[in-house]
């Protein structure tokens, strides 16, 4: 579904990604993990065209998307939950959800307002509240709901549960498991390794802008040296 091949990304003259490659197959949940500052968000931004990469290529459903502007990449059926949520603080919950709603992937049973509110019932009572009035957990649910409203074939979450209370984190992981069981393809960044191992099919570890290891949850769990060497666990 998503194939990132040998991309190099720069901020001015400073290189952030060095020949990075990863892939997500249809129906898989895949993680990109590593310590802070290693290039995880830069990878996501490169995929989405927010930070253009100079070399290598990115294909989505076999179509070359390298060099396309972000809105065209999104229109191919990729939904992004960005780091920091980035909901619209001056729009209501309802307006945040419907503002960019579309059936990008032509799903037979598409996500709509009613379906998102069933998925995240805590948002029901907050429909007329401004996004800036929500708690961090509510904002994250809203950000995920907003991404689902474009009906993506691939859902990307950058720091899915960062800074959230334990009960909210548990709810988010539960909802992601539901999406996985429905066949939703997901690329996920998070630091909660135990939850990732339970949920994920494949992991890519990034170190200083390079993929240094990839493998299954079973392989990651079986090798404690990976956690201490690359993840700071």
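The values are calculated or read from the model by the stated rules, or taken from the named source; none is laboratory data. Keep in mind that this is a model prediction, so the values were computed, not measured. Ideal geometry is used to build each Cβ from the backbone, glycine not excepted, and the neighbour counts take in all protein chains shown.
Residues that are crowded, with 19+ Cβ neighbours inside 10 Å, without any contact (Cβ under 8 Å) to a residue 60 or more places away in the chain and either at positive phi or out of contact with any helix residue (DSSP H, G or I) (no Cβ under 7 Å at 6 or more places or on another chain) (or both) within the stretch 139-170 comprise just one, 169. The residues in the stretch 62-114 that are assigned to a helix (DSSP H, G or I) and either farther than 22 Å from residue 139 by Cβ or without any contact (Cβ under 8 Å) to a residue 24 or more places away in the chain (or both) can be counted, and the count is 7. With respect to residue 232, is the statement that it is crowded, with 17+ Cβ neighbours inside 10 Å and at positive phi true? Criteria not met by residue 232. Is it the case that some residue within the stretch 198-214 is surrounded by 20 or more Cβ atoms within 10 Å (Cβ to Cβ), within 13 Å of the chain's Cα centre (by Cα) and part of a strand (DSSP E or B)? Within the stretch 198-214 (the criterion being surrounded by 20 or more Cβ atoms within 10 Å (Cβ to Cβ), within 13 Å of the chain's Cα centre (by Cα) and part of a strand (DSSP E or B)), the answer is no, since none of the residues qualifies. If I filter the stretch 39-53 for residues that are loosely packed, with under 13 Cβ neighbours inside 10 Å and either assigned to a strand (DSSP E or B) or in the same structural domain as residue 147 (by TED's automatic domain parsing) (or both), do I get at least one hit? Taking every residue of the stretch 39-53 in turn, none turns out to be loosely packed, with under 13 Cβ neighbours inside 10 Å and either assigned to a strand (DSSP E or B) or in the same structural domain as residue 147 (by TED's automatic domain parsing) (or both).
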